[in-house]
Structures are given as C-alpha cells and as structure tokens.
Amino acid sequence: MAQQGQVFPMKSNGPGGTSLWGFRYRTGGRGSRRVQRGGFQSELDAGEALDRALERLRRANGTATTLTLAGLVDEYLAQHDAQPETIEKLRWLLAKAVSEFGDRRLGELRSQEIAAWRMTIATGHRFEATQALRQVLARAVAWGMIDVNPAKQGVDNPQRRRTEKRPFESWAQLASVASRLGECSGALVMFAAATGLRSGEWIALERRDIDPVARVVYVRRAYRNGRLKCTKTEGSVRAVPLQAIALEAIARLPTGADTDLLFPSLRGSYFDRHNFRTREWKPAQLTVGITPLRRVYDLRHTFATFALRAGISTFDLSRYMGASLTMIDRHYGHLARDGRDHAIDLLDAYSRPDEADVHQVDVAWTLQQRAVATSANKRTL
C-alpha cells in the first residue's frame with residue numbers, strides 16, 4: 001500500500017501565538033514505526049516537507065519510480081542537445097549497460113553490481129562506457145529520481161593507461177616519407193605535421209582559411225563521419241601559426257582546381273583518409289624503412305613534440321591545437337625532453353649578468369667587506 005502520510009495543526013503555537021503545523025507517516029504498513037515532525041509555519045510548508053520525506057522513504061525502499069534504466073536512457077538521449085554522431089556514440093556506449101541493467105528500476109541499481117559489470121567491458125571502452133552511464137544517472141539525480149549516482153559512488157573509473165605516442169624523429173625523416181608520396185599527398189603530410197591540425201580539420205580546410213600575410217590558418221570546421229561540422233561559436237575558431245614548412249607545402253599544391261577545398265580528393269570532393277592510409281601512407285613508410293609504422297594521427301603528435309622542443313609554452317600549444325592544458329601535459333609533456341634543456345638555457349641567460357651588472361656587484365661586495373672589517377676593528381679596540 002502506498003504511504004500517504006498526514007498533515008495536521010499542532011496544539012502548541014509559535015512565537016506571537018502563530019499556528020504551527022506538522023506531519024506524520026508510517027515507514028511501512030499498519031503497525032510499523034511512525035515518524036512525526038513539527039514546527040512548520042504553514043500547512044503548505046508541512047505538506048512539502050511530507051512529500052520530501054515520503055520520496056526519501058520510497059527511494060530507500062526502491063519504489064521511488066517505476067522508470068527503468070532503459071527508459072531513462074531513451075528519455076535522456078531524446079532531449080540531449082548534441083551532434084548526431086555524439087548521440088550515436090553515447091547510444092552505443094550506453095547499450096553495454098542497458099544490456100545488463102536495462103530492465104532494472106533506477107532505485108534497484110547497486111554500486112557493487114555496476115563495479116562488477118564495469119570489469120566485464122573491454123579495456124578500450126571501459127572508461128567511456130562507465131562515464132556514459134554516470135552521465136545518464138547524474139541526470140536522474142538532478143531530476144530527483146534518485147538521491148545518489150550508483151555508477152559514481154563506490155565505483156572507481158580510472159582512465160585507461162596512456163598509449164605511447166610515436167612522433168617522427170625529425171623533419172628530414174618526415175620529408176623522406178613525403179617524397180615517396182604524390183605531389184598533393186606529400187604537401188598535405190608536411191602541412192599536417194607543421195600545423196598540428198586534426199585530420200578532420202585539414203580535410204575541411206578551404207583556401208579562404210589561409211591568410212599568407214598574417215601567416216595563420218583559421219580552423220572553422222571539421223569533416224567527420226561524412227558530415228561537415230562547424231564550430232559552435234565564432235569564438236571557437238582558432239588561428240594556428242604557419243611556419244615556413246607549412247607555407248612551402250601550400251605553395252606546392254596545384255592551382256586551378258575546380259573546388260574550394262585546400263586538400264581535395266582526385267575527384268574534387270573531401271579527401272578520403274582511409275584510402276590514403278592504405279594505398280599511400282603505409283607503403284611510403286615501408287619503402288623508407290620507418291619502424292614502427294606511424295599513424296596519420298601521429299603527424300599531430302609530431303607537431304606537438306617539435307613545438308615543445310622549440311620552446312613554445314604549453315599554454316600557447318593548447319590554443320593552437322584546440323586542446324586543454326591538462327590534455328597537453330598528459331599526452332605530450334613527457335615528450336618534450338629537449339624543452340627542459342631550453343628552459344634551463346633561458347633561466348641561465350636571465351641569471352647571467354652583463355658587464356655593468358658585474359661591476360656593480362663587485363663594488364657592492366667590496367663596500368660590504370670594508371664595513372665588516374671596520375666593525376671588527378672597533379670591537380677589538
């Protein structure tokens with residue numbers, strides 16, 4: 001039987017003779033323990049307090065809502081404001097939890113069971129699948145359906161161990177690979193490594209995005225999963241500096257193509273990265289003798305590594321790459337071994353005085369020694 005509770009006027013009054021209200025309810029059926037609270041200024045206040053108390057009781061008994069996890073996932077995805085590919089990825093990740101707990105009511109989900117389920121997920125998707133479940137259940141907490149998030153409280157979810165990044169060792173090594181590619185593909189490879197853009201970003205580049213006078217490329221859009229995705233706001237557009245290698249790569253591109261794309265396919269449409277990887281990228285590395293083979297994405301790692309070794313700050317690098325400082329430090333900071341030497345040189349140069357400073361230091365030191373000697377003589381006398 002559903003517990004309804006009761007609101008009633010109290011016999012005692014508050015300060016100034018004002019009426020006070022209270023509520024009472026039983027924790028179970030007839031004969032169970034009765035809970036009573038009082039001291040509320042109005043009947044409305046007492047009624048709202050009773051509703052909150054009964055809701056806590058229903059949650060504790062696992063009867064707060066009949067909504068199952070599968071139903072919550074459907075409801076959440078229906079109102080989640082995100083790109084279609086983001087929704088599909090979330091749906092795919094959440095399907096792992098729905099297959100295990102989909103018919104469970106939200107109040108019946110237990111942290112220990114979720115922790116055990118998490119260990120059954122493949123290592124490559126374990127972190128993301130658990131995060132997706134946490135995300136949905138956090139909304140249930142915000143909607144007042146449950147008090148705590150059972151996928152977060154008592155469930156550890158460490159990020160997967162960082163995979164080793166394999167940037168190219170030098171520009172000469174990368175140029176040797178580019179020389180084995182076609183004119184357009186070779187220029188593309190050098191440009192990608194010189195700017196650090198994601199593959200979807202340089203695929204979507206148009207000639208109007210290049211400012212040769214200011215020597216910057218503006219990243220306004222990206223091409224992923226067959227869709228062109230623009231930045232959410234004008235402030236999200238980022239400007240990446242064009243070093244000489246990038247400008248030389250652009251200059252080698254053929255002109256007169258009937259397309260606005262900077263790196264089009266042979267037919268003038270968007271560049272097919274998957275075909276390039278199989279037909280050109282891998283064979284070129286094998287010809288040159290690159291071991292282990294680098295991925296196309298390692299061109300981005302190459303830019304980050306060379307930039308840090310050149311002395312570019314992690315703050316500036318995060319802006320150029322469109323990534324957070326935490327991500328830059330986690331994924332690329334350990335690669336900047338030469339960057340530490342550069343920092344030492346800068347600090348040594350700052351602390352190294354010029355000739356005028358040396359003269360001032362010598363004079364101050366001499367005066368200090370004379371003062372010490374004079375003071376010692378006075379004490380002797």
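The values are calculated or read from the model by the stated rules, or taken from the named source; none is laboratory data. Because the structure is a prediction, the values reported are computed rather than measured. FYI the Cβ positions are ideal-geometry reconstructions off the backbone, even for glycines, and counts take in every protein chain you see. Side chains are part of the model used for accessible areas, which takes the heavy atoms of the whole protein and leaves out ligands, DNA and RNA. Shrake-Rupley method; radii C 1.70, N 1.55, O 1.52, S 1.80 Å.
Surface exposure of segment 13-108, expressed per residue as accessible area with a 1.4 Å probe, stands at 59 Å². Determine the distance separating the Cα centre of segment 268-327 from the Cα centre of segment 16-41; give it in Å without decimals. For segment 268-327 versus segment 16-41, the Cα centre distance is 67 Å.
Using a cutoff of 8 angstrom between alpha carbon atoms and counting only pairs six or more residues apart, the relative contact order for segment 70-161 works out to 33 percent. Taking all protein chains together and rolling a 1.4 Å probe, Asp81 ends up with roughly 150 Å² accessible. Annotation: the antiparallel percentage among DSSP beta bridges lying fully within segment 1-137 is about 100.
Counting 0.36 nm for each residue step from Ser19 to Ser269 and taking away their Cα separation leaves a gain of 82.3 nm. Treating r as the C-beta distance of Leu286 and Val35 and R0 as 45 Å, the FRET efficiency rounds to 0.05. Modelled label positions at Ile245 and Trp92, each set 7 Å beyond Cα in the direction of Cβ, lie 3.2 nm from each other. If only the Cβ of Lys and Arg carry +1 and only the Cβ of Asp and Glu carry -1, the dipole of segment 55-159 around its Cα centre is close to 280 debye. In whole angstrom, how far apart do the alpha carbon centroids of segment 192-241 and segment 73-136 sit? Between the Cα centres of segment 192-241 and segment 73-136 lies a distance of 33 Å. The stretch between Thr259 and Arg52, if pulled fully straight at 0.36 nm per residue, gains 68.2 nm over its current Cα-Cα span. Note on Glu113 and Thr278: with the Förster distance fixed at 45 Å, the Cβ-Cβ geometry gives a FRET efficiency of about 0.55. Note on Thr291: accessible area approximately 110 square angstrom, rounded to 10, probe 1.4 Å, nucleic acids and ligands left out.
With a 1.4 Å probe rolled over the protein heavy atoms of all chains, the accessible area of His301, His125 falls in the order His125, His301, largest first. Counted residue by residue at 0.36 nm each, then reduced by the alpha carbon distance between them, the extension gain from Trp171 to Asp147 reaches 3.0 nm. The share of accessible area on segment 110-259 that comes from carbon and sulfur is 50 percent, using a 1.4 angstrom probe.
For the listed peptides 130-136, 108-114, a ranking on the average number of other beta carbons within 10 Å per residue, highest first, reads 130-136, 108-114.
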